[in-house]
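Encoded as structure tokens, the structure appears first; notes follow it.
The values are calculated or read from the model by the stated rules, or taken from the named source; none is laboratory data. The model shown is predicted, which means the values in this text are computed figures rather than measured ones. Virtual Cβ from ideal backbone geometry, glycine too; neighbours counted across all protein chains shown. For accessibility, only protein heavy atoms count, side chains too; no ligands or nucleic acids. Shrake-Rupley method; radii C 1.70, N 1.55, O 1.52, S 1.80 Å.
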Amino acid sequence: MNTFSIAIHGGAGTLVKGMMTADLEAQYKSVLKEALAAGYAVLENGGTSIDAVEKAVIILEDSHLFNAGKGAVFTADETHEMDASIMDGKTLNAGAVSLISGIKNPVSLAKDVMEKSEHVFLAGEGAMQFAKMNAYKIEKDTYFYDEFRHQQWLEIKDTDSFQLDHATKKDSKFGTVGAVACDKNGNIAAATSTGGMTNKKFGRVGDSPMIGAGNYANNKTCAISCTGSGEFFIRGVVAYDVACLMEHKGLSVEEASNEVIHKRILEIGGDGGLIAVDAKGNIAMPFNTEGMYRASKSSNGEEELSIYK
């Protein structure tokens, strides 16, 4: 039987230890642990990698601690615009949504785009029409209201500043969540979800919903979910770049991930991290920032839950 495994992340960035209270750190780790356990249980019971990554990401979206779903940051218009994507490494089918509002679990809507439409990527009003057609409940704004997020927005509203994070400026953190998994049949999948940037304007979209940039899965190589400075991850086509190095240069998932995160993305001025898994269940979780909320578990007994290096 194939080694099955799952890895999750809750964003990377400058996670200054001094600013993280013991209580807050325990809260973050508790949600990461819950998401990891839920996704792993799907795999352990013979479920698919697609169902495992969706399950794990839903739990992260349901927590106000992470910038996705319930914890989505405020835009310049004091609204929430969320993005998500999911990809199946066995079929190369993928689904993505962008600039959506009021949807509790954007990752599930992305999965429905993949499974119930002829398309890959739906955005804005059209994506909302698709959600309504599929009987999604539209949550009130109060569901997404978080005092900490609102305070952050108030600090920079009416300026041209924006933040790639959901923490204070001294503690800039790229707010994204994601999961990658390899199931018992050796099929892999990736899912990524985000609430974007605080005070973002003009319908800005980052790498998270873009297949090949922030999210990618192919059984021949790897499944990847990224978190970082989105503009740079888009320009570097980061997720696909890792897969390319594996396919054309014969690098392992760890070698390819390290090459992209510690060299290639830095060369163009970007920073962040990613989680990756190959079809043998091997996991890599590199990042070039001070920290990345991350956790992984494998049927070979390996398990990790960390924030800092």
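Data overview
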{"quantity": "Strands (runs of 3 or more DSSP E) (entirely within the range 187-239) containing at least 2 residues that are of a type in the set (A, V, I, L, M)", "calculated": "188-194, 222-228"}
{"quantity": "Flag if Gly273 is open to solvent by less than 30 Å² (accessible area, probe 1.4 Å) and touching a His at 6+ places or on another chain (Cβ under 8 Å)", "calculated": "yes"}
{"quantity": "Options Ser296, Ser306; residue that is open to solvent by less than 30 Å² (accessible area, probe 1.4 Å), polar (S, T, N, Q), under 18 Å from the mean Cα position of the chain (by Cα) and within 17 Å of Val253 (Cα to Cα)", "calculated": "Ser296"}
{"quantity": "Qualifying residue in the range 240-255 (condition: surrounded by 15 or more Cβ atoms within 10 Å (Cβ to Cβ), in contact with a helix residue (DSSP H, G or I) (Cβ under 7 Å, 6 or more places away or on another chain), in a helix (DSSP H, G or I) and free of Cβ contacts under 8 Å to residues at least 24 places away in the same chain)", "calculated": "yes"}
{"quantity": "Helices (runs of 4 or more DSSP H) contained entirely in the range 78-173, each with at least 1 residues that are open to solvent by 10 Å² or more (accessible area, probe 1.4 Å) and at pLDDT below 95", "calculated": "141-144, 147-156"}
{"quantity": "Inter-residue pairs, beta-carbon under 6 Å, first modelled with pLDDT of 95 or more and in the range 18-43, second assigned to a helix (DSSP H, G or I) and acidic (Asp, Glu), 6+ apart", "calculated": "Val42/Asp51"}
{"quantity": "Yes/no for Glu259 being part of a helix (DSSP H, G or I) and either surrounded by fewer than 17 Cβ atoms within 10 Å (Cβ to Cβ) or touching a residue at least 40 places away in the same chain (Cβ under 8 Å) (or both)", "calculated": "no"}
